[in-house]
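Take a look at the structure set out below.
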Amino acid sequence: MKNCLFFKKPVLCISIFLSLLSIQLHAQNNQSYPLILDMVHHNPGETPYQSAYNDPAVIKEMGYNGKVYFLFESPALAINWESIDADILPKGSEERQWVDAKAAQIKEMHARSKAQDMAIYAMSDLVLFPKRLIKKYSIQETFGDPNNALTEKFIRAQINEMFDQFPDLDGLVVRIGETYLHDAPYHEGAIKDKSSAKNTIIPLMQILREEICVKRNKKLIFRTWIAFDKNMSTYMEVNDAIEPHKNLVISIKQCEGDFHRARPFSKLIGQGRHPQIIEVQCAREYEGKGAYPNYIANGVIEGFEEHSRMPKEKIKSIREFVENRPDLYAGVWTWSRGGGWDGPYINSEMWCDLNAWVMAQWAKNTKQSEESIFNRYATERLGLKGKDVAEFRKLCLLSAEAVIRGRNTTYNDISDVWWTRDQGIGWPKPAKDKIGQKRNLEQKDESVAKWKEIVKLAKSIHWRSKETKNHVIGSAEYGLRLYKIYRALVYMSDAEAKGDKKAIDKWIKIYDTAWADYNKLPEQYREVATLYTQEYDRHIAENADKKVNELRNSNN
């Protein structure tokens, strides 16, 4: 694979003959396990990512056998509802024109996947209906309740129209934990009691199981996210109430809660009687989105260092999951790009590509060691040789160690794991206790030291092209300079908690210098990602720069 794959507006390096070699019968019904799926999670409300992974040919070559289309590429937004009432989206109306255009766009996408013999899945938020339907049938207060007779009727009709009007669809990925409407101007979503097994999850899953798995012989992938992803009793209540089916799969993120380091490995993985597919984010939204080295595939497959203290009998990696419960392993679902909001926006997909490729290759044959797959990536996709392969692996493993120490600690001492995310930085509160805070400070120093070693390694490796060399060094510098800002803030927060004005002044100066150095990156490295910004505060409890300026003013 040519190096150009990683960079903006990539030149696809897939030979045309691969399409001719693919089996003409598209793997629609009864797609065999493991499912090896990828999705590009576009930023809601923004222009979709320009990514190599939008192309089914690219991800097929990487080892995937299916593509999940994002929420706003879902047939749930593109059906005409004529089986219920032609007046819901009347022909010629503004709403109908939008829906028909969306349907044409989706069918073009599906055709590209079908041409590559790739299974086609659509992620959909439920319950999601046209605004005109909700208004006409006066169900504003009830359409989020799957127990309501009219809601159930409309859900069943919706499923039928989705598969009738989009016959290439192999299955649905259903989310009830959140509802995004940023790119759905004519629809409205709701879900009542999303965390209730009895009132919502079980009745909805039963409806979908019957309509999709039984009647259609298609796949239903039901996500646990923000609904029953952390509560074992709720999960087991659902597990016991829903009869297993060959086409029913439960989707679980590899860690509890969102994609944060230091969080426990999901206790749901390997439990119950339903096949499970594991969600993995390759360009982590809380960790730079691919702007700097951040190799997570090793930790997901073999276990992160923070999970090493878990009881021996507990599953702490997806390798242990496959070894202990091979009967439940349904596959891996990666998000090669995306998650969260806004930036950073990357110009090179190299770091995402590394995580996604290793995950896909391992998912095909879980007997392989992660290291052997990594080494193949280094040689086959990056063209590294000899000592440089080992040096590149050292760099990548160090990145995982540097990230957890810089954002949290290996003991999860920082309770607010959301303090820095997307392109923003919030004010980091001290750790929960004195021991944790001591470790917090120490590990921020350790993180910066590891980033310095990463930069050194990036400069020492013999890269195949000047473009790759500049990107790797620039992205390593990006990590180093950003994590110096993190360290300054954590020390400043500690000084404030102790009332140490002298230390506050010291760390404000270090903070200012760190930002000045960080802001020079685009001048020095052309391919570097867009930067974090000091004023950004979307989904951030307390903006760090605002807090620093308050301390600056109060100390004067």
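Here's the list of aspartates and glutamates a cross-link from LYS253 could span, going by alpha-carbon distance under 16 Å and ignoring same-chain residues fewer than 8 apart: ASP38, GLU178, ASP229, GLU279, GLU285, GLU302, GLU320. The heavy atoms of LYS429 present about 130 square angstrom of accessible area, all protein chains included, probe 1.4 Å.
The distance separating the Cα centre of the stretch 494-521 from that of the stretch 350-385 comes to 39 Å. Within the straight-line cut-off of under 15 Å between alpha carbons, the aspartates and glutamates reachable from LYS135 are ASP85, ASP87, GLU95, GLU188, sequence neighbours fewer than 8 places apart in one chain being disregarded.
Between GLU178 and ASP416, the simple spin-label model (points 7 angstrom out along Cα→Cβ) gives 2.0 nm.
May I ask for the angle, rounded to the nearest 10°, between helix 149-165 and the longest principal axis of the chain, with both axes built from Cα atoms and the value confined to 0 to 90°? It is inclined by approximately 90 degrees. Sorting 438-449, 325-336, 484-495, 541-552 by average packing, meaning the other beta carbons within 10 Å per residue, from highest down gives 484-495, 325-336, 438-449, 541-552.
Roughly to the nearest percent, how much of the accessible area of the stretch 511-556 is carbon and sulfur, given a 1.4 Å probe? Ligands and nucleic acids excluded, carbon and sulfur reach 44 percent. Taking Lys and Arg as +1 and Asp and Glu as -1, the other residues whose beta-carbon sits under 11 Å from that of VAL332 total -1. Using only Cα atoms, locate the centre of the stretch 131-146 and the centre of the stretch 274-325, then give the distance between them in Å, rounded to an integer. What the calculation gives is 40 Å, centre to centre. Mind checking the full-extension length gain between THR142 and GLU550? Use 0.36 nm per residue of separation minus the Cα-Cα distance, one decimal, nm. Computed gain between THR142 and GLU550 is 142.2 nm. With the simple spin-label model, which puts each label point 7 Å out from Cα in the Cβ direction, the ASP327 to LYS135 separation comes to 5.3 nm. Assuming charge only on the beta carbon of Lys and Arg (+1) and of Asp and Glu (-1), the dipole of the chain about its Cα centre is about 1400 debye to the nearest 20.
Count the lysine pairs in the stretch 310-404 whose Cα atoms sit under 26 Å apart, keeping only pairs 8 or more residues apart in sequence or on different chains. Taking the Cα cut-off of 26 Å, the pair count is 12. Run the Debye formula on the Cα coordinates of the stretch 225-288, all scatterers equal and no solvent, and tell me log10 I(q)/I(0) at q = 0.13, 0.17, 0.21 1/Å. Cα-only, vacuum Debye calculation for the stretch 225-288: -0.37, -0.60, -0.85. Ranked by the mean number of other Cβ atoms within 10 Å of their residues, highest first, the peptides 413-425, 351-363 come out as 351-363, 413-425.
Solvent-accessible area per residue in the stretch 100-151 equals 42 Å², computed with a 1.4 angstrom probe and all protein chains kept. If contacts are Cα pairs under 8 angstrom and at least 6 residues apart, what is the relative contact order of the stretch 451-556 in percent? Here the relative contact order equals 27 percent. Each Cα pair under 8 Å and six or more residues apart adds its sequence gap; the mean of these over the residue count of the chain is a relative contact order of 13 percent.
With +1 on each Lys and Arg Cβ and -1 on each Asp and Glu Cβ, and nothing else charged, work out how big the dipole of the stretch 91-175 is about its Cα centre, in Debye to the nearest 20. Could the numbers behind the result be given before it?
Values: 13 positive and 13 negative charges, 58 e Å.
Dipole magnitude for the stretch 91-175 comes out near 280 debye.
Could you tell me the calculated FRET efficiency between ARG464 and SER369, based on Cβ-Cβ distance and R0 = 35 angstrom, to the nearest 0.05? Efficiency for this residue pair is about 0.90.
Straight-line cross-link partners of LYS498 among the lysines, defined as a Cα under 28 Å from its Cα and at least 8 positions apart when in the same chain: LYS429, LYS432, LYS434, LYS438, LYS444, LYS450, LYS484, LYS506, LYS509, LYS546, LYS547.
What number, rounded to the nearest 500 deg cm²/dmol, is the helix-based mean residue ellipticity at 222 nm of the chain, given -39500 (n - 2.57) per DSSP H run of at least four residues and division by all its residues?
Values: 17 runs with 224 residues, N = 556.
When only DSSP H runs of four or more count, the value is -13000 deg cm²/dmol.
Angle of helix 350-364 to the longest C-alpha principal axis of the chain, folded into 0 to 90 degrees and rounded to 10: 50°. The 1.4 Å probe gives accessible areas that order LEU181, LEU521, largest first, as LEU181, LEU521.
Within the assembled protein chains, the solvent-accessible surface assigned to ARG112 is about 130 Å², based on a 1.4 Å probe.
Averaged over all directions, how much area does the convex hull of the C-alpha atoms of the chain cover when projected, in nm²? Let's see the in-between values first.
Working: hull surface 105.2 nm².
Average projection, Cα convex hull of the chain: 26.3 nm².
Test of understanding: extend the Cα→C-beta vector of ASP100 to 7 Å, then name every residue of the stretch 107-141 with backbone N under 19 Å from that spot. In the stretch 107-141, the label zone of ASP100 (backbone N under 19 Å from the point 7 Å along Cα→Cβ) covers 107-109, 130-133. Computed from Cα positions, the angle between helix 466-498 and the longest principal axis of the chain comes to roughly 80 degrees. Note on ILE201: accessible area approximately 0 square angstrom, rounded to 10, probe 1.4 Å, nucleic acids and ligands left out.
Counting every Cα pair in the stretch 248-352, what percent are over 16 Å apart?
Working: 3116 of 5460 pairs.
Roughly 57 percent, rounded to a whole number.
Take the Cβ atoms of ASP433 and SER233, set R0 to 41 Å, and the FRET efficiency comes out at 0.90.
Could you order peptides 56-65, 147-156, 211-220 by the average number of other Cβ atoms within 10 Å of their residues, highest first?
For the peptides 56-65, 147-156, 211-220, the packing ranking is 56-65, 211-220, 147-156.
The relative contact order of the stretch 235-351 comes to 31 percent, based on Cα pairs under 8 Å that sit 6 or more residues apart.
The values are calculated or read from the model by the stated rules, or taken from the named source; none is laboratory data. Owing to the predicted nature of the structure, the values given are computational and were not obtained by experimental measurement. Glycine gets a Cβ as well: all are built from the backbone with ideal geometry, and neighbour counts include every protein chain shown. Protein only, heavy atoms only, side chains kept; ligands, DNA and RNA dropped before computing areas. Shrake-Rupley method; radii C 1.70, N 1.55, O 1.52, S 1.80 Å.
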